[in-house]
Amino acid sequence: MLTPKDILGHISAGRVLDVATGAGGFIHFLMEGLAGYTEITGIDANPKAATAFAAAFQDKPDISFQTGDALQLDFPDACFDLVCISNSLHHFDEPQRALRQMERVLRPGGRLIVSEMYCDGQTDTQMTHVHLHHWWAAVDRSAGIVHHDTYTRAELVELVSALRLTDLAFYDLADTDEDPKAPQILAELTPVFDRYIQRAASHPDLQARGEALRARVAEIGFHGATTLLAVGVKSK
């Protein structure tokens, strides 16, 4: 499997913006892979994400969090050297608008990165992840939260290819070496099942769907779905 360094090791990023950062998970990928950076700003519409973000990067003064809307980024044009988003496009009704905003704040010659799991072409154990994610999305939607099913690989390629990017490269990242029925996997998923089944208390059909997926994990196992990582350069 390609490492972050294999993909990003030739890039000295300068000023970086991670859109819809959450707790900053993708920033760890950037830190591991990039040849260097000046500063990284994570932005998320949920102010509650700031606490976990701050804990993750408490010893990194060059990494900071801001609350903000990915659909209307509060930054000037062309002010970042690298702009990225990871596993968040499916949380927008208008993903193209988020990508256009990312493109706007990226300087000409800067790099744009999109990282997103997809739903097709997966192994049986990876499809467990896909089915789980689609169940989580359905539970969220029942509570009025915007959360769509994951894209196909072709849909993601189409979204990214519509941007003004050159030198566009796509990487399919998956790790299926671990035992799909490893006890730690079941231990990690158990509280997640319990939490979402509780959240779906007024939707017996969603609760039944969750219990069926719990049985699938025990029977078939779980591997993370393949991620498509796209890297392109903004046209000058």
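The values are calculated or read from the model by the stated rules, or taken from the named source; none is laboratory data. All values derive from a computational prediction rather than experimental measurement. Note that each Cβ is placed from the backbone with ideal geometry, even for glycine, and that neighbours are counted across all protein chains shown.
Filtered by the rule that a residue be over 19 Å from the mean Cα position of the chain (by Cα), modelled with pLDDT under 95 and acidic (Asp, Glu), region 162-180 gives Asp177, Glu178.
Annotation: Ala200 fulfils all but one of (1) small (Gly, Ala, Ser); (2) surrounded by 14 or more Cβ atoms within 10 Å (Cβ to Cβ); (3) at pLDDT below 95; the unmet one is (3).
Conditions (1) free of Cβ contacts under 8 Å to residues at least 60 places away in the same chain; (2) assigned to a strand (DSSP E or B); (3) within 24 Å of Leu8 (Cβ to Cβ), marked per residue:
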site: Gln96; (1), (2), (3): no, no, no
site: Arg107; (1), (2), (3): no, yes, yes
site: Thr125; (1), (2), (3): no, no, no
site: Trp136; (1), (2), (3): no, no, no
site: Tyr171; (1), (2), (3): no, yes, yes
site: Glu178; (1), (2), (3): yes, no, yes
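Is at least one residue of region 47-61 in contact with a Leu (Cβ under 8 Å, 6 or more places away or on another chain) and touching a residue at least 12 places away in the same chain (Cβ under 8 Å)? Scanning region 47-61, I find no residue that is in contact with a Leu (Cβ under 8 Å, 6 or more places away or on another chain) and touching a residue at least 12 places away in the same chain (Cβ under 8 Å), so the answer is no.
Out of all the residues in region 42-62, which are within 16 Å of the chain's Cα centre (by Cα) and within 21 Å of Ala13 (Cα to Cα)? Within region 42-62, Gly42, Ile43, Asp44, Phe53 meet the criteria. Residues in region 171-183 that are surrounded by 15 or more Cβ atoms within 10 Å (Cβ to Cβ) and aliphatic (A, V, I, L, M): Leu173, Ala174.
When the residues of region 29-41 are filtered to those that are among the small types (Gly, Ala, Ser) and more than 18 Å from the chain's Cα centre (by Cα), the one that is surrounded by the fewest Cβ atoms within 10 Å (Cβ to Cβ) is Gly36. Going through (1) among the small types (Gly, Ala, Ser); (2) more than 20 Å from the chain's Cα centre (by Cα); (3) surrounded by 14 or more Cβ atoms within 10 Å (Cβ to Cβ); (4) under 30 Å from Gln101 (Cα atoms) one by one, Ala230 falls short only on (2).
Yes/no matrix, rows are residues, columns are (1) within 28 Å of Asp6 (Cα to Cα); (2) buried (at least 17 other Cβ atoms within 10 Å of the Cβ):
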position	(1), (2)
Met127	yes, yes
Ala143	no, no
Tyr151	yes, yes
Ala169	yes, no
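With the condition kept exactly as written, say whether any residue in region 17-26 is loosely packed, with under 14 Cβ neighbours inside 10 Å, hydroxyl-bearing (Ser, Thr, Tyr) and free of Cβ contacts under 8 Å to residues at least 60 places away in the same chain. Scanning region 17-26 turns up no residue that is loosely packed, with under 14 Cβ neighbours inside 10 Å, hydroxyl-bearing (Ser, Thr, Tyr) and free of Cβ contacts under 8 Å to residues at least 60 places away in the same chain. Candidates Leu186, Leu159, Leu206, Leu213: the one that is surrounded by 14 or more Cβ atoms within 10 Å (Cβ to Cβ), modelled with pLDDT under 95 and in a helix (DSSP H, G or I) is Leu186.
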